[in-house]
Amino acid sequence: MLLHRSMLLFALITLMPVVLLAAGAVWGGVWIWGALIYLTGLTFLLDQLVPLIAPNAPPGAEFPAANGLSVALALAHLVLLVLGVWAVSGGSGLPLADRCAGFLGFGLFFGQVSNSNAHELIHRGSRGLFRLGALVFTSLLFGHHTSAHRLVHHAHVATPDDPNSARLGESYYRFAPRAWIGSFRAGLAAENRRRAASNKARGAHPYLFYVLGGLAFVIAATLIFGLPGLAAYLALAVYAQAQLLLSDYVQHYGLTRAPRAGGGFAPVSDLHSWNAPHWFSGYLMLNAPRHSDHHANPSRIYPALRQAPEMPTLPLGLPAMATLALFPRRWRRVMDKRVRRWQVPADLT
């Protein structure tokens, strides 16, 4: 019963904004504003005012419906991307205020739900699920994250070799361009090394798919919706990318693996990711805020990710902390002291 209820909540909470945004693209008004409120104010209030912590799944539990929900969300993303560009560019005839609300609502969904779901899919063992996750990232012009996240971030998290681990005292505005460019380059280098090590090229280079696939989406948006559609598409993609980078920034800010006297770094542990136990945003983001367990068990499916008191914990839900990160002085006032509590001394072994 517990497992059934868990998957039901994942489905209800993630699919509700799909319905609101789709209706909002067509009719605007209460639908589009309802989607925006759902993804902002309602999420924050339910996280803070309802003292519910989703329980950990029993060891060995299976979730046969989890992949099905991920596929549904990925397909919904592709439909919403078309509807979002249509609505925000003015093709649906919505008034300016509704178009602005639509931009924020669609962008938040792409940045919080679609990104979390694509991240989940690229960690699945099935080639079809992996490719679907890569397609979602590519549709947001962020396809290289597929390679950089798995081959670079997971291997080098919390070290200077990971572009997506934010340093103590580094603002989000310094981190974001460094992480974007650094992850593109590091992911490309990692893919090149992997192909060279195999002694033969196996199929097309993944970066061809990321770059040419992204170009295909740009051309399609322009041909279907004109220059306003191109502008809307690019703006939505950049907004979604900014949120993914915010998530990386918040979830690894300041935490570092201790250097070893003989070289290298201590192994990755629960101490190298920030976590958020807040229930509603956790369900909305497919348990992405249970980040320590994800790094310890990258292949563990999202309903089975675990939370424990001994893991570094954020004071607010992940979306709220991402908003706080936009204000560097306030962010540092809240987070720097917490980072120092969790810092591990150098490993002398």
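What to note about this one:
- The set of residues in segment 58-100 that are part of a loop (DSSP other than H, G, I, E, B) and under 23 Å from ASN115 (Cβ atoms) comprises PHE63, ALA65, SER89.
- Among residues of segment 11-22 that are in contact (Cβ under 8 Å) with a residue 60 or more places away in the chain and surrounded by fewer than 18 Cβ atoms within 10 Å (Cβ to Cβ), those with a beta-carbon under 8 Å from a residue that is assigned to a helix (DSSP H, G or I) and small (Gly, Ala, Ser) at least six positions away or on a different chain give the pairs LEU15/ALA72; LEU15/ALA76.
- Qualifying residue in segment 107-128 (condition: assigned to a helix (DSSP H, G or I), acidic (Asp, Glu), touching a helix residue (DSSP H, G or I) at 6+ places or on another chain (Cβ under 9 Å) and open to solvent by 10 Å² or more (accessible area, probe 1.4 Å)): yes
- Matching entry among ALA166, ALA158 (being touching a strand residue (DSSP E or B) at 6+ places or on another chain (Cβ under 9 Å) and part of a loop (DSSP other than H, G, I, E, B)): ALA158
- Number of residues in segment 269-322 that are more than 16 Å from the chain's Cα centre (by Cα), under 24 Å from THR159 (Cβ atoms), assigned to a helix (DSSP H, G or I) and not acidic (Asp, Glu) equals 3.
- Condition check for VAL18: within 24 Å of LEU318 (Cβ to Cβ), aliphatic (A, V, I, L, M) and either outside any helix (DSSP H, G or I) or within 20 Å of the chain's Cα centre (by Cα) (or both): yes
- Count of segment 100-110 residues which are closer than 17 Å to GLY229 by Cβ and either touching a Phe, Trp or Tyr at 6+ places or on another chain (Cβ under 6 Å) or without any contact (Cβ under 8 Å) to a residue 24 or more places away in the chain (or both): 2
Residues are listed down the side, and each one gets a yes or a no for (1) modelled with pLDDT under 95; (2) of a type outside the set (A, V, I, L, M, F, W, C):
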| position | (1), (2) |
| --- | --- |
| LEU8 | yes, no |
| VAL18 | no, no |
| TRP33 | no, no |
| THR43 | no, yes |
| PRO51 | yes, yes |
| ALA54 | yes, no |
| LEU80 | no, no |
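- In summary, GLY264 fulfils each of the numbered conditions (1) without any contact (Cβ under 8 Å) to a residue 12 or more places away in the chain; (2) of a type outside the set (Asp, Glu); (3) open to solvent by less than 10 Å² (accessible area, probe 1.4 Å) with the single exception of condition (3).
- Residue check for PHE175: closer than 18 Å to ALA242 by Cα, touching a residue at least 24 places away in the same chain (Cβ under 8 Å) and either buried (at least 16 other Cβ atoms within 10 Å of the Cβ) or polar (S, T, N, Q) (or both): yes
- With respect to the conditions (1) in contact (Cβ under 8 Å) with a residue 60 or more places away in the chain; (2) open to solvent by 50 Å² or more (accessible area, probe 1.4 Å), ALA57 falls short on a single one, namely (2).
The values are calculated or read from the model by the stated rules, or taken from the named source; none is laboratory data. Since we're looking at a predicted model, the values are computed, not measured. In this analysis, Cβ positions are derived from the backbone assuming ideal geometry, glycine residues included, and neighbour counts consider all displayed protein chains. SASA here: full protein model, heavy atoms, side chains in, ligands and nucleic acids out. Shrake-Rupley method; radii C 1.70, N 1.55, O 1.52, S 1.80 Å.
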